[in-house]
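**Q** Input: one structure, supplied below.
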Amino acid sequence: MTLTKTTTPPALRIAPKFKPKLTLLIALCLTAISLALYVFSILWRVSFAEKHLFGYSRLIPLSWHKQIPTEPGNASTFNELTSPYNRNGKTIHVYKQLVNSFQHAYGSALAAYELSEVPADLLFRANEYTEAITSKVSGTQNWYLDTKKDLHNNAVGRRIGLQARTLGLNGLDAEKFIIAETLKAADDGRVYNHFLDNRTLQLPPLEEYGCPGLFEILSLRSTTPLVK
């Protein structure tokens, strides 16, 4: 009887060399998917709160009805057109920048509560880079001021989220606290509700918010020199 020596096919012999790379690739893909799902969850929750508090969601539309501002603004709305909305018996004059400010503060609060301060900060800083690169209107002075306003409001939101963590709040209690404190911060002036707020001009440069190169990106997209 003749014994035949079996040999491992070449493909199987070299396969172990690719295992670390494959494992890394799978880990990176899963991380990217997890991050994308978490970002979507933030957008969804902010949109849901936005519709409940302001009558319409601009991030993810949650109804067929579109809120169109028709009423003249005044000094409190920085002369931006508004839409009236009844919130628990109180008429809210909704304007775009008011809602945008809520989005940043509330979204940052959620992320800080769930992830802690540094990941929340990095996540929303990345958002500013993404918008600066992808938006067709990012190279304007108003956009630059709006970016500073966003970064300021993100910081206010993170403090609210961290406060909820410190208090040991969970579930619905944490959600109610974060929403209430975000609205309170918008009412008392801690959240800047418009980039035309004169205080925006006094905010630190983008670099001090941890956004190196962001001003240069905005400048490259600008047709006129931006003023820091």
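The values are calculated or read from the model by the stated rules, or taken from the named source; none is laboratory data. Computed from a predicted model, the values in this text were never measured in an experiment. Here the Cβ positions follow ideal geometry from the backbone for every residue, glycine too, while neighbour counts run over all protein chains shown.
**Q** Hey, does region 115-130 have a residue that's in a helix (DSSP H, G or I), in contact (Cβ under 8 Å) with a residue 40 or more places away in the chain and of a type in the set (Gly, Ala, Ser)?
**A** For region 115-130, residues in a helix (DSSP H, G or I), in contact (Cβ under 8 Å) with a residue 40 or more places away in the chain and of a type in the set (Gly, Ala, Ser): present.
**Q** Tell me which of these Ala132 doesn't satisfy, since it passes every other one: (1) modelled with pLDDT of 95 or more; (2) closer than 22 Å to Arg190 by Cβ.
**A** Only one criterion in (1) modelled with pLDDT of 95 or more; (2) closer than 22 Å to Arg190 by Cβ is unmet by Ala132, namely (2).
**Q** Oh, and also: For Gly213, state whether it is surrounded by fewer than 18 Cβ atoms within 10 Å (Cβ to Cβ), among the small types (Gly, Ala, Ser) and at pLDDT 95 or above.
**A** yes
**Q** Could you check region 54-66 and list, in sequence order, the residues that are under 14 Å from Ser83 (Cα atoms) and either among the hydroxyl-bearing types (Ser, Thr, Tyr) or crowded, with 19+ Cβ neighbours inside 10 Å (or both)?
**A** Of everything in region 54-66, those that are under 14 Å from Ser83 (Cα atoms) and either among the hydroxyl-bearing types (Ser, Thr, Tyr) or crowded, with 19+ Cβ neighbours inside 10 Å (or both) turn out to be Phe54, Tyr56, Ser57.
**Q** If you take the residues in region 129-144 that are surrounded by 14 or more Cβ atoms within 10 Å (Cβ to Cβ) and of a type in the set (A, V, I, L, M, F, W, C), which one is nearest to Thr200 (Cα to Cα)?
**A** Here the answer is Trp143.
**Q** What single numbered condition from (1) touching a Lys or Arg at 6+ places or on another chain (Cβ under 8 Å); (2) in a helix (DSSP H, G or I) fails to hold for Ala49?
**A** (1)
**Q** Return the total of residues in region 200-224 being within 20 Å of Asn153 (Cβ to Cβ) and among the basic types (Lys, Arg).
**A** Within region 200-224, residues that are within 20 Å of Asn153 (Cβ to Cβ) and among the basic types (Lys, Arg) number 0.
**Q** Okay, next question. Asn86 versus (1) within 27 Å of Leu37 (Cα to Cα); (2) out of contact with any Lys or Arg (no Cβ under 9 Å at 6 or more places or on another chain); (3) surrounded by fewer than 23 Cβ atoms within 10 Å (Cβ to Cβ): which is the lone unmet condition?
**A** It is condition (1) that Asn86 fails.
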